[in-house]
Amino acid sequence: MKTIAIIGGGTGGVTAANKLYHNLKDEVERNLVKIVLFDKKDYHVFYPGLLFYSLGLLDEEDVLVKNIKDLINPGIELKIEEVTEVNLDDRKIITVNKKEYSYDYLVISTGVEYNWERIPGLRGNMLTFYDLDGARKIRNLLQNIKEGTTIVISVTKLPYPCIPVPMSFAILLKDLFKDKINVIYTAPVAPEDFIEEIFNKKGIEDRSPLIVESVTKNSIKFQDGEEIKYDLLIGVPPAEGTNLAKTLPFSSKSGWLTVDRNTLNPLDYNEVFVIGDATDFSGIKTIASAVSQADVVSKRITEEISGGEAKTKYDGFVSCFIITELGKAVMSTYNYDTHLPYSPPSEFLWNFAFRFHKIYWDYIALSSP
Ligand SMILES: Cc1cc2nc3c(=O)[nH]c(=O)nc-3n(C[C@H](O)[C@H](O)[C@H](O)COP(=O)(O)OP(=O)(O)OC[C@H]3O[C@@H](n4cnc5c(N)ncnc54)[C@H](O)[C@@H]3O)c2cc1C
């Protein structure tokens, strides 16, 4: 019996589990293969919806969160237990309750954690729509926003999930509240020229590149000595790999996991794979890349279990929406070799982005036949 353990029941983990089940259904039914999925919580969040939800554009909270057990095939074992240690030499997972589980193959898809303490004053002063709780708070505050409010939207550190999202947020915020509010945007790198043009046209003041040093109740200070006053500070706190990721020998100081860019294996551990936001790939932390990597990993494991050689490779596929105005969007699609030209902003792509949750839930559930 071969055991495939997957840590993380988010986009990458659930997709990998379902695809592995699909590829190895016969072997699972004949007890030759076991697929075990671990998550520390029993629910799965659809993150792109938080953008629209925090701005009051999307109302239904039930499109944002679903139980992991409803997204996976019943033939997959689900363990709601936090993994606290991976013993790579003995091929064992240890959970918070000190339970041990052996594996033959391991897929790590643990996503990111936000390190609020990294910047003095950040916690308690910055709000984020990068988690559900923060999105709810922003949504409530925006309902009673006063004339003349200055909102600073600040990206604190690179890399972070889905690069265009804070820019899309700034654009939608200005379209919704127009001259009632002032919007200032800062990030460690300046946005692409075409976004800069949209910012200029809409009156969004871009002060990038700036690196946040500290935050107080009404001002944000940057490493070059600049200071910006705000009434409301919304942004992306410093994203890092998880505490579990930081314990692994192939982790960077910030917890990003270094893997081969095509096979997704860490050096010296061909039975281990890392996918999704947990990898040290920057600019590749999106749903499309997590799903594509889950596909590659499930094929590589299937190829080996079926007695062959693992041949399938990840090509660096990324695709994500950029909102260009309320009702219009473009798609950014690239891989390691090519960046496709942007299509003109369209209502079609806006509808695709706005209703993406329908495709997302169906796709994730559909990859579980
Ligand atoms: C606000 C926002 C908007 C976004 N918009 C888009 C978009 O428009 N398009 C797009 O393509 N992408 C978007 N993204 C990015 C996309 O959501 C992520 O890239 C994707 O969810 C990454 O999947 P993942 O499996 O790596 O991590 P996640 O989906 O975050 O899953 C990680 C899972 O691991 C679990 N876990 C962590 N540590 C442990 C542990 N020790 N033990 C057990 N379980 C553990 C967590 O509980 C979690 O369930 C957005 C992200 C955000 C935050």
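None of the figures in this text is laboratory data; all of them are computed from the coordinates on show. Predicted model only: the values in this text are computed from it and were never measured. A quick note on method: Cβ atoms are made from the backbone with ideal geometry, for glycine too, and the neighbour counts reach across all protein chains shown.
In the structure shown, the pairs 137/217; 19/311; 34/246 are assessed against 20 Å; a Cα-Cα span above that value is assigned to 34/246.
When +1 charges are put on Lys and Arg Cβ atoms and -1 charges on Asp and Glu Cβ atoms, the dipole computed for the stretch 193-344 relative to its Cα centre reaches about 280 debye. Placing +1 on the Cβ of every Lys and Arg and -1 on the Cβ of every Asp and Glu, with nothing else charged, gives the stretch 116-238 a dipole about its Cα centre of roughly 540 debye. Under 5 Å from the amide H of residue 107 lie the amide H atoms of 5, 6, 7, 273, each residue being 5 or more positions distant or on a separate chain, with H modelled from the backbone and absent for Pro and chain starts.
By the scheme Lys and Arg +1, Asp and Glu -1, what is the net charge of all other residues having a beta-carbon under 13 Å from that of residue 238? Before the final figure, lay out the partial values.
Working: positive: 118, 123, 157, 253; negative: 113, 117, 213, 240.
The answer is 0.
For the chain, the share of DSSP beta bridges that are antiparallel, to the nearest 5, is 45%.
Under the criterion of Cα pairs below 8 Å and six or more residues apart, the relative contact order for the chain equals 19 percent. Taking other C-beta atoms within 10 Å as the exposure proxy, 361, 256 rank 361, 256 from fewest upward. Its relative contact order, with pairs defined as Cα atoms under 8 Å and 6+ residues apart, puts the stretch 65-121 at 18 percent.
Once the Cα atoms are used to define both axes, helix 132-143 deviates from the longest principal axis of the chain by about 20 degrees.
Remark: the residue 319-residue 67 segment gains 88.1 nm on full extension, using 0.36 nm per residue and subtracting the alpha carbon distance.
May I ask you to sort 1, 331, 167 by Cβ crowding, counting other Cβ atoms within 10 Å and putting the fewest first? Fewest-to-most Cβ neighbours within 10 Å comes out as 1, 331, 167.
Residue order for 268, 104, 206, fewest other beta carbons within 10 angstrom first, comes to 268, 104, 206.
Our helix-only sum for the chain, with -39,500 (n - 2.57) per DSSP H run of n ≥ 4 divided by its residues, gives a mean residue ellipticity at 222 nm of -8000 deg cm²/dmol. For the peptides 79-90, 240-251, residues were scored by their other Cβ atoms within 10 Å and the scores averaged per peptide; the highest-first order is 240-251, 79-90.
Would you mind getting the Kirkwood hydrodynamic radius of the stretch 286-369 from its Cα pairs, rounded to one decimal in Å?
Numbers: mean 1/r = 0.0681 Å⁻¹.
In the stretch 286-369 this quantity evaluates to 14.7 Å.
Look at the dipole of the stretch 32-187 built from charges on Cβ: of 63, 103, 87, the Cα furthest out on the positive end belongs to 63. With only Cα atoms counted, the stretch 116-238 has Rg and Dmax values of 13.3, 36 Å. What lysines does residue 157 reach when the alpha-carbon gap must be under 16 Å and sequence neighbours fewer than 8 apart in one chain are set aside? Candidates past the 8-residue exclusion: 221, 253, 285.
Roughly how many debye, to the nearest 20, is the charge dipole of the chain about its Cα centre, given +1 on each Lys and Arg Cβ, -1 on each Asp and Glu Cβ, and no other charges?
Details: 41 positive and 51 negative charges, 115 e Å.
For the chain, the charge dipole is close to 560 debye.
Nearest 10 degrees, 0 to 90: what angle lies between the long axis of helix 193-202 and the longest principal axis of the chain (Cα atoms)? Taking the Cα atoms of the chain, the angle to 193-202 is about 40 degrees. With contacts taken as Cα pairs under 8 Å at a separation of at least 6 residues, the stretch 1-75 carries a relative contact order of 36 percent.
3J(HN,Hα) along the stretch 144-158, derived from phi through the Karplus expression 6.51 cos²θ - 1.76 cosθ + 1.60 where θ = phi - 60°, amounts to 10, 5, 8, 3, x, 5, 9, 10, 9, 10, 10, 8, 8, 7, 9 Hz, with x in place of Gly and Pro.
Taking the chain as the reference, fit the longest principal axis to its C-alpha atoms, fit the long axis of helix 11-23 to the helix C-alpha atoms, and give the angle between the two in degrees, 0 to 90, nearest 10. Rounded to the nearest ten degrees, it is 30. With R₀ set to 41 Å, the beta-carbon distance separating residue 196 from residue 94 gives a calculated FRET efficiency near 0.25. Backbone phi angles across the stretch 213-228, fed through the Karplus curve with coefficients 6.51, -1.76 and 1.60 (θ = phi - 60°), yield HN-Hα couplings of 9, 7, 9, 10, 4, 9, 8, 10, 10, 10, 4, 7, x, 5, 9, 10 Hz in residue order; Gly and Pro are listed as x. When the convex hull of its Cα atoms is viewed from all sides, the chain shows a mean projected area of 18.3 nm².
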